[in-house]
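*Asks:* Here it is, the structure, as structure tokens.
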Amino acid sequence: MKIVEFLQPAAVVDDLAGTSGPAVLGELARPLAEAHGIEPQRLLETLLEREKLGSTGIGDGVAIPHGKVPGLPALMASFGRSRRGVDFKAIDGKPTYLFFTLFAPENSAGAHLKALARISRIFKNPAFRDSIMKAADAAEIFRLIETEDAKY
């Protein structure tokens, strides 16, 4: 499974405006909601419910908010970069700059876990994270993710 199978270029936000976790998650839900005809609030609530269980801020400036959505036909994702950083209650206590949201169909545990593992794997690379932070725009961010993902 490749990340580009569930992340589309239109779902990459290169400069998140939100200064709080919920605001950022709302921004990241919007392009997916529009592209798939889903109510944005439904996606946002899915992410907020998951965050109540514990932050998906995995540290090193990265968060992977995720959740399952009943009726969703397939995996879908969005990515966003915050140049200022957001207090996302990450496990290392540091600001979060890179947000990769993942939504999965209700009965897709295997695909959901494989996708989370793949996302986590590519974002463990400090040089890759740095290149994402320096990218000029959303198109370059998508190309960087696509290139890094092809290595695995």
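Derivation of every value follows stated rules applied to the coordinates shown; laboratory data play no part. Computed from a predicted model, the values in this text were never measured in an experiment. Glycine also receives a Cβ, built like all others from the backbone with ideal geometry; neighbour counts cover every protein chain displayed.
*Asks:* Counting Lys and Arg as +1 and Asp and Glu as -1, each charge on the Cβ, what is the dipole of the stretch 95-152 about the Cα centre in debye, to the nearest 20?
*Replies:* Using only the charged Cβ atoms, the result is roughly 240 debye.
*Asks:* Something else about it: Would you calculate the separation in nanometres between label points at residue 83 and residue 35, each defined as 7 Å from the Cα along the Cα-to-beta-carbon direction?
*Replies:* If labels sit at residue 83 and residue 35, their model points lie 2.3 nm apart.
*Asks:* Same structure, new question: Lys pairs in the chain, Cα-Cα under 22 Å, at least 8 apart or on separate chains: how many?
*Replies:* 17
*Asks:* Same structure, new question: Before rounding to the nearest 500, sum -39500 (n - 2.57) across all DSSP H runs of length at least 4 in the chain and divide by the residue total; then give [θ] at 222 nm in deg cm²/dmol.
*Replies:* Mean residue ellipticity, 222 nm, calculated: -14000 deg cm²/dmol.
*Asks:* How much length is gained on full extension from residue 92 to residue 5, taking 0.36 nm per residue of separation minus their Cα-Cα distance?
*Replies:* Answer, rounded to one decimal: 28.3 nm.
*Asks:* Further question: Would you kindly state how much longer the chain becomes between residue 139 and residue 15 on full extension, computed as 0.36 nm times their sequence separation minus their alpha carbon distance, in nm to one decimal?
*Replies:* Here the segment from residue 139 to residue 15 would lengthen by 43.4 nm.
*Asks:* Restricting to bridges with both residues inside the stretch 3-150, how much of the DSSP beta-bridge set is antiparallel, in percent to the nearest 5?
*Replies:* Around 50 percent of the beta bridges assigned by DSSP in the stretch 3-150 are antiparallel ones.
*Asks:* Does the stretch 18-69 come out rounded, prolate or oblate, given a ≥ b ≥ c as the square roots of the eigenvalues of its C-alpha gyration tensor, rounded meaning a/c under 1.5 and, failing that, prolate meaning a/b above b/c?
*Replies:* Because a/c hits 1.5 or more and a/b exceeds b/c, the stretch 18-69 counts as prolate.
*Asks:* Would the stretch 3-150 count as rounded, prolate or oblate if I go by the C-alpha gyration tensor, calling it rounded below 1.5 in a/c and otherwise prolate when a/b exceeds b/c, oblate otherwise?
*Replies:* Because its axes are fairly even, with a/c under 1.5, the stretch 3-150 counts as rounded.
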